[in-house]
Amino acid sequence: MAADDESLRDGEVAIPLPENFDAGVYFIGRIRTPWSSRSECPKNGRESEVECTIELDTRYADGLKDVERSSHLLILYWMDKARRDLVLQSPRHCATQRGTFALRSPVRPNPIAASVVKLVKVEGTRLTVIGLDCLDGTPLVDIKPYFASTDSVADATVGWHQDTTK
């Protein structure tokens, strides 16, 4: 999204985007949620207990073999409605300007989002999950099993997040 498509908040800085893409992505399905606007979405997936549906394209059906044996999944999705040109942002929940790569905001050069979700059930190519934070119809990039033993880092920190009033 170009800088003139949406006004900037105080402290936000947009840059011109490259003319060409470096890679391609296959969307493997769509995510169905009750949210149609960014303001309706939870700030992150952990803030919601709403059941959402992942609709996998049928050509990838065999890729779901044994997925029902996972309690949690790592879902990667493409925030296709997010602007892509900000390098500095002023989040609503934070009084200080932050660099895009210091935030989990969907606004980034490649609007890839990730959520760890609880798998509720699998019916054919439809997965019912809890823990998403995206708009209805969001393109699905990938599904991976979540391994608490390797994906969780209990002592990880984000220094600025310790005091969000700064």
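Rule-based calculations on the coordinates, nothing more; no lab input. In this text the structure is predicted, and so the values were computed from the model without any measurement. Here the Cβ positions follow ideal geometry from the backbone for every residue, glycine too, while neighbour counts run over all protein chains shown.
Here are some notes:
- q = 0.26 Å⁻¹: log10 I(q)/I(0) that the Debye formula gives for segment 94-139, counting C-alpha atoms only: -1.06
- Volume per residue of the convex hull around the Cα atoms, evaluated for the chain, comes out as 136 Å³.
- Where only DSSP H runs of four or more residues are counted, the chain gives -500 deg cm²/dmol as its mean residue ellipticity at 222 nm, each run worth -39500 (n - 2.57).
- Counting only GluC sites (Glu not before Pro) that DSSP places in a loop and that have at most 16 other Cβ atoms within 10 Å, the longest clean stretch of the chain runs over 50-166.
- Kirkwood Rh, Cα atoms: Rg over Rh of segment 101-166: 1.01
- For segment 17-60: relative contact order, % (alpha-carbon pairs under 8 angstrom, 6 or more apart): 51
- Percentage of interatomic Cα-Cα distances in segment 23-113 larger than 17 Å: 61
- Ordering of 89-99, 20-30 by packing [mean C-beta count within 10 Å, highest first]: 89-99, 20-30
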